[in-house]
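Structure first, commentary second.
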Amino acid sequence: MNEKVNLCQKCQMPMDSVEVIGTNKNGSLNEEYCIYCFKNGEFIEFCQSCGMPLESSEVLGTNKDDSLNEEYCIHCFKYGEYTLDATMEEMIDISLKHMKEIFKDDPNFDEKNALEYMNAFFPQLKRWNRNI
């Protein structure tokens, strides 16, 4: 009998191990959200182009007037414009390359699962979601 895997209620990532389950302020597990969306009782926002966590102002993109843009990272959005003219599929490929480099020493990193996750997550991002 297959055990049902919970999906993150924000990004739809499968939460198939305790390591990817989000945490509440008191350190307990929050089984509604993954650790990438919800940590220490707070939601983490993502770049609406590449999905990178926007965990500090240093990684925020900029608007035309050089003010910070809280929806996009500095790698995807500068001075009010996208830095790269790419399709969603090309952005997923770029992001996968970065993930492989970041997690190269992590024996638990699974490229196939990461790709499946991004293919489900990216269409929800503002840049790629045609329903917004």
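The values are calculated or read from the model by the stated rules, or taken from the named source; none is laboratory data. The structure presented is a predicted model; accordingly, all values stated were derived computationally and were not measured. Neighbour counts are summed over all protein chains in view; Cβ atoms, including those assigned to glycine, are modelled from backbone coordinates with ideal geometry.
Structure values in brief
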| quantity | calculated |
| --- | --- |
| Boolean, Asp66 is in the same structural domain as Arg127 (by TED's automatic domain parsing) and of a type in the set (D, E, K, R) | yes |
| First in region 108-121 and among the aliphatic types (A, V, I, L, M), second anywhere and at pLDDT below 85, Cβ under 6 Å, 6 or more apart | Ala120/Gln12 |
| Check on Gly22, among the small types (Gly, Ala, Ser), touching a strand residue (DSSP E or B) at 6+ places or on another chain (Cβ under 6 Å), at pLDDT below 95 and crowded, with 19+ Cβ neighbours inside 10 Å | yes |
| Residue in region 61-76 that is touching a helix residue (DSSP H, G or I) at 6+ places or on another chain (Cβ under 7 Å), in a loop (DSSP other than H, G, I, E, B) and of a type outside the set (Asp, Glu) present | yes |
| Ile94 vs. criteria under 22 Å from Ala120 (Cβ atoms), at pLDDT below 95 and either in contact with a Ser or Thr (Cβ under 8 Å, 6 or more places away or on another chain) or assigned by TED's automatic domain parsing to the domain that holds Asn129 (or both) | no |
